[in-house]
1. List every residue pair whose Cβ atoms sit under 6 Å apart, with the two residues 6 or more apart in sequence or on different chains, where the first one lies in the range 2-27 and is modelled with pLDDT of 80 or more and the second, anywhere, is surrounded by 10 or more Cβ atoms within 10 Å (Cβ to Cβ) and not in a loop (DSSP other than H, G, I, E, B).
2. So in the range 5-60, with the set limited to residues that are in a loop (DSSP other than H, G, I, E, B) and aromatic (F, W, Y), which one is surrounded by the most Cβ atoms within 10 Å (Cβ to Cβ)?
Amino acid sequence: MITVFSPLTWGIHTTPPPDIPECGFVGELCPPPVQGMLYVVTVIIHAKHLTSRCFCFILGYILVETETKTAVIWQKVELLVCIFEVAA
């Protein structure tokens, strides 16, 4: 014969926990997780990468154009026109 001294307590709950977890033992009872956040992060990373590459391309183009214009100016100056001072 079993004598029960006091009823079982389940913490803050009044009933025992379920025999099967909420999503099953291997997750078969729950829908697959939404991967929207993964797509958002991937798009943000690719957008930043594309923006930085475009910025570098534009900066490089500006530098090459400036260098080309400067080279044309330097070619117009003749060496005989330049006055050199010799330090004594």
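The values are calculated or read from the model by the stated rules, or taken from the named source; none is laboratory data. None of the values given here were measured: they were computed from a predicted structure. We place every Cβ from the backbone using ideal geometry, glycine too, and count neighbours over all the protein chains shown.
1. Here the result reads P16/W10, each pair linking the range 2-27 to a residue that is surrounded by 10 or more Cβ atoms within 10 Å (Cβ to Cβ) and not in a loop (DSSP other than H, G, I, E, B).
2. Taking the candidates together, the pick is F25.
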